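Reading through the structure tokens given below for one structure.
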């Protein structure tokens, strides 16, 4: 049973995350998709509280029949070791693969899970390991930082996030103060 794992801060989750998940489900013929919201990422501080990011992520992935949960581990390797997955594919963007050597125990990560790397135009993957497989996604010029900036400036985020996430951001007055 192939399980895809998409982890991140999701501060906030956006259409690029959904595009990656949809393409991975199709490419790898995933039986399950687990979306893990990292409560306290080791590499970057989150602006929204973990509870807000968890709820936004639940709303964003509602149509994908994904399991969405809060992950308390700060590092990918710790989360993978704790969850004892059988056939896990950890999903990342090609831009994140560049940072793989800086991850905590990257070799152990590759022992515990295959990496599914979403490729975008401009990225050329060099062979790293037989445990890394690329798959194509349509390019999306969207990022969580762009969305937060647009909210701060009072600009629309329509088309960058699903409507339920935009509504949550507005209802809870998220990202207004930088």
Residue that is nearest to residue 70 (Cα to Cα), among those in the stretch 80-117 that are in a loop (DSSP other than H, G, I, E, B) and touching a strand residue (DSSP E or B) at 6+ places or on another chain (Cβ under 8 Å): 85
Residues located in the stretch 18-35, provided they are part of a strand (DSSP E or B) and either out of contact with any helix residue (DSSP H, G or I) (no Cβ under 7 Å at 6 or more places or on another chain) or surrounded by fewer than 17 Cβ atoms within 10 Å (Cβ to Cβ) (or both): 32, 34
Test: residue 48 is modelled with pLDDT of 95 or more and either under 17 Å from residue 70 (Cα atoms) or assigned to a helix (DSSP H, G or I) (or both): yes
Verdict on residue 104 being surrounded by fewer than 17 Cβ atoms within 10 Å (Cβ to Cβ) and free of Cβ contacts under 8 Å to residues at least 60 places away in the same chain: no
Qualifying positions in the stretch 136-158 - modelled with pLDDT under 95 and in a loop (DSSP other than H, G, I, E, B): 137, 138, 139, 140, 141, 142, 143
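Which of the residues that make up the stretch 1-17 are closer than 25 Å to residue 47 by Cβ and surrounded by fewer than 19 Cβ atoms within 10 Å (Cβ to Cβ)? Spell out the reasoning first.
From the stretch 1-17, those closer than 25 Å to residue 47 by Cβ are 5-17; that's our starting set.
Result: 15, single match.
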Residue ID - modelled with the lowest pLDDT, chosen from residues in the stretch 66-99 that are surrounded by fewer than 19 Cβ atoms within 10 Å (Cβ to Cβ) and within 22 Å of residue 140 (Cα to Cα): 95
Residue pairs meeting the criteria (Cβ under 8 Å; at least 6 apart or on separate chains; first on the phi > 0 side of the Ramachandran plot and touching a residue at least 24 places away in the same chain (Cβ under 8 Å), in the stretch 130-153; second part of a loop (DSSP other than H, G, I, E, B) and surrounded by fewer than 17 Cβ atoms within 10 Å (Cβ to Cβ)): none
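The values are calculated or read from the model by the stated rules, or taken from the named source; none is laboratory data. Keep in mind it's a predicted model, so treat the numbers as computed, not measured. Here the Cβ is made from the backbone with ideal geometry for all residues, glycine too, and neighbour counts use every protein chain on show.
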